[in-house]
Amino acid sequence: MKSDFIVRTGDVLQIPTGDGRAYLAQVMGEHFAGIYVVVFDVVRPIADVLTGIDELATASPVFAALTLDGHIARGTWKKSGHAEASSARFLPAYKVTTGDPVRYLVEDFAGTRQRPATPLEARALPYRKTSSPAFLDRAVRAREGLTPWLPALESVRADGVLLTADLFRA
């Protein structure tokens, strides 16, 4: 397998808007076959995308999702490089069912730590789900006004994500 298709935490990706520009995104974590990708408010002409990598450390996230690496393998998303990933700032926590309809657990991103969820956490936390890479493509194009915004795209907004680092203090 070519190394261009191997995806690791810290890899910086280009998510094209379809008009000659691309958003920069970064892989913040891996979970089984999925990768957690954060798309930043850094948009560049594709020819100049490397100039934005240094901005990722301070840029605002706009979208985030656990997704698959198929767009990288097909070349739709290109790797632009590698940078230190601030994973603790972005990796979400999830709720897990216990089989009891009123009792949930909070689970960290890696799936290695769990604890009982408070009622507020049980309402606020999402279940772990994987979004198609095409869903992130649609979100960046809609943010740029190139396609209509769909209410379903709200699920990949980066704001309001409850973080593993906040819910599992060391």
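Observations, loosely collected:
- Phi-derived couplings, Karplus 6.51 cos²θ - 1.76 cosθ + 1.60 at θ = phi - 60°, listed residue by residue for the stretch 127-134: 6, 5, 9, 10, 9, 5, x, 5 Hz, with x used for Gly and Pro.
- In the stretch 1-89, GluC sites (Glu not before Pro) in a DSSP loop with at most 15 other beta-carbon atoms within 10 Å: Glu84
- Radius of gyration (Cα atoms) of the stretch 37-105, expressed as a multiple of 2.2 N^0.38 Å: 1.49.
- Distance from the C-alpha centroid of the stretch 104-144 to that of the stretch 38-88: 19 Å, rounded to the whole angstrom.
- Dipole in debye (nearest 20) - the chain, about Cα centre, beta carbon charges: Lys, Arg +1; Asp, Glu -1: 380 debye
- Sequence-ordered 3J(HN,Hα) estimates for the stretch 76-90 from the Karplus curve with 6.51, -1.76 and 1.60 and θ = phi - 60° stand at 5, 9, 9, 7, 9, x, 9, 9, 4, 9, 8, 4, 4, 6, 10 Hz, glycine and proline given as x.
- Across q = 0.19 Å⁻¹, the chain modelled as identical point scatterers on its alpha-carbon atoms has Debye log10 I(q)/I(0) values of -1.22, in the order of the q list.
- Taking 0.36 nm per residue of separation and subtracting the current Cα-Cα distance, fully stretching the chain between Ala83 and Ser155 would add 23.3 nm.
- Amide hydrogen neighbours beyond the local backbone of Phe109, cut-off 5 Å, H modeled: Thr164
- In the frame of its principal axes, the stretch 1-89 has Cα extents of 31, 29, 19 Å, reported largest first.
- The charge dipole of the stretch 85-170, taken about its Cα centre with unit charges on the Cβ atoms of Lys, Arg (+1), Asp and Glu (-1) only, comes to about 80 debye.
- Across the stretch 115-126, rounded Karplus estimates of 3J(HN,Hα) from the backbone phi angles (6.51 cos²θ - 1.76 cosθ + 1.60, θ = phi - 60°) give 7, x, 8, 6, x, 5, 5, 4, 7, 8, 7, x Hz, Gly and Pro being marked x.
Every read-out reported here was derived from the displayed coordinates using simple, explicitly stated rules and does not represent laboratory data. The structure displayed is predicted, hence computed values, not measured ones. With ideal geometry, Cβ positions are generated from the backbone for all residues, glycine too; neighbour counts draw on all protein chains shown.
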